[in-house]
Amino acid sequence: MAIAEQQKQGAGEKSWHGIVLQTLKRNEISLIPYVPDRVLTPLIKNLHADPFFTTFATAREEEAVGIVSGAWMGGRRGAVLMQTSGFATLANTLASLAVPYQIPLIMFVSERGTLGEFNYGQALVCRTMRPVLDSLALEHHTITRLDELEFIADRSIKQAVTTQAPVALILNPLLTGGKTFDK
Amino acid sequence: MNTRNTKVMNRFDVTSRLIAKLKHEEAVVGGIGNTNFDLWAAGHRPQNFYMLGSMGLAFPIALGVALAQPDRRVFALEGDGSLLMQLGALSTIAALKPKNLIMIVMDNGIYQITGAQPTPAANVADIVAIATGSGLARSSWAADEEDFERLVDEAMSAAAPSLIAVRIDDKPGVGATRRDPVQIRERFMHGLGVREPL
């Protein structure tokens with residue numbers, strides 16, 4: 001049984017994606033552009049089903065960052081969902097838009113490339129993610145435990161908004177179960 | 001749709017004509033380089049946002065503003081080279097159908113600011129055909145300045161997002177935006193009524 005599933009049972013009805021959805025809602029984050037990922041599928045599905053959220057796919061992660069940046073300036077909060085490989089396309093946009101304009105860009109990154117990755121390209125690109133985040137001194141947290149998810153996500157969103165700085169919340173396979181070869 | 005029937009106009013002139021029409025605090029997002037230099041030169045307004053990087057994101061940023069403030073008209077000015085970087089954004093906009101979003105493409109077929117190298121699209125692709133094919137039915141070439149103004153007027157009351165492509169000359173921008181990103185963002189938020197100054 002996947003660790004994430006065990007945690008889900010231990011926490012009663014709470015799932016990682018349920019906690020993320022509720023935390024977004026509680027923080028009035030209603031605009032959710034995403035580039036899809038297998039692991040994020042239940043979250044994306046439930047966001048689409050909830051009329052509180054405007055949830056839609058974009059062709060590239062950069063586009064999604066542009067959209068939530070514009071929305072923030074217009075007074076509406078958003079968050080971007082993506083996969084590790086999608087984050088790897090963002091260095092220029094982070095360095096030329098989100099960081100210098102002081103935009104509280106909230107990113108949820110489903111982490112591939114570790115803990116059982118079967119695609120060498122995913123394993124390699126994953127290694128670029130934290131160095132890029134660190135090189136821009138961006139706040140980031142790798143979330144591995146269900147019992148810490150709400151605290152980390154809720155506090156990080158509030159910190160991003162109040163300090164006007166981006167944050168990346170990395171959803172580790174220990175939390176989500178990840179993607180395995182036989183799926 | 002045929003660019004051969006369109007007059008070659010000037011970016012600063014066309015931008016100035018647009019700004020002169022804005023009477024309701026419409027937002028204007030200027031893409032990188034000459035596009036926002038001419039927006040700046042046309043006269044700063046609190047509702048203007050100037051990009052200093054993130055090439056290709058003028059339409060996505062404007063889309064975000066349009067989704068946040070559906071009662072405000074939002075213009076985005078983008079160069080052809082920039083748009084080529086983010087063509088997928090056209091389909092995203094077509095799918096969401098924000099009726100308050102008006103996209104203007106300044107098409108000179110070159111990367112003017114880097115030395116006037118031709119874009120890969122210069123002699124082979126048609127921006128309006130691309131936009132139409134991406135699902136933006138209200139996409140047109142402006143035949144001349146008068147036609148541009150007519151298309152802007154129409155777009156202001158349209159029930160769907162509009163794209164207006166303008167063939168422009170190879171002149172550089174007239175001004176140079178003050179590169180102060182925090183101040184640009186803060187002033188823009190004041191201009192949109194999101195925040196009050198300290």
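Tabulated data
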{"quantity": "The lone exception for B:Val65 - which of (1) under 12 Å from the mean Cα position of the chain (by Cα); (2) of a type in the set (Val, Ile, Thr); (3) within 13 Å of another protein chain (Cβ to nearest Cβ) it fails", "calculated": "(1)"}
{"quantity": "Strands (runs of 3 or more DSSP E) fully within region A:73-183 counting 1 or more residues that are modelled with pLDDT under 95", "calculated": "none"}
{"quantity": "Residues satisfying the stated conditions in region B:91-117, i.e. touching a Ser or Thr at 6+ places or on another chain (Cβ under 7 Å) and either over 25 Å from B:Asp170 (Cα atoms) or modelled with pLDDT under 95 (or both)", "calculated": "B:Ser91, B:Thr92, B:Ala94"}
{"quantity": "Close pairs from region A:123-145: first within 9 Å of A:Ile170 (Cβ to Cβ), partner among the hydroxyl-bearing types (Ser, Thr, Tyr), Cβ under 7 Å, at least 6 apart", "calculated": "A:Met129/A:Thr84; A:His141/A:Ser156"}
{"quantity": "Complete set of residues in region A:9-51 that are within 14 Å of chain B (Cβ to nearest Cβ) and either on the phi < 0 side of the Ramachandran plot or without any contact (Cβ under 8 Å) to a residue 24 or more places away in the chain (or both)", "calculated": "A:Ile29, A:Ser30, A:Leu31, A:Ile32, A:Pro33, A:Tyr34, A:Val35, A:Pro36, A:His48"}
{"quantity": "Residue check, B:Phe59 more than 22 Å from A:Ala79 (Cβ to Cβ) and either aromatic (Phe, Trp, Tyr) or at the interface with chain A (Cβ under 8 Å from one of its Cβ atoms) (or both)", "calculated": "no"}
{"quantity": "Per-region count, region A:44-72, residues within 19 Å of B:Phe59 (Cβ to Cβ) and assigned to a helix (DSSP H, G or I)", "calculated": "12"}
{"quantity": "Number of the exception - B:Met156 against (1) under 24 Å from B:Asp107 (Cα atoms); (2) within 14 Å of chain A (Cβ to nearest Cβ)", "calculated": "(2)"}
{"quantity": "Residue count, region B:1-35 (criterion: surrounded by fewer than 16 Cβ atoms within 10 Å (Cβ to Cβ) and modelled with pLDDT of 95 or more)", "calculated": "7"}
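The values are calculated or read from the model by the stated rules, or taken from the named source; none is laboratory data. The structure presented is a predicted model; accordingly, all values stated were derived computationally and were not measured. Note that each Cβ is placed from the backbone with ideal geometry, even for glycine, and that neighbours are counted across all protein chains shown.
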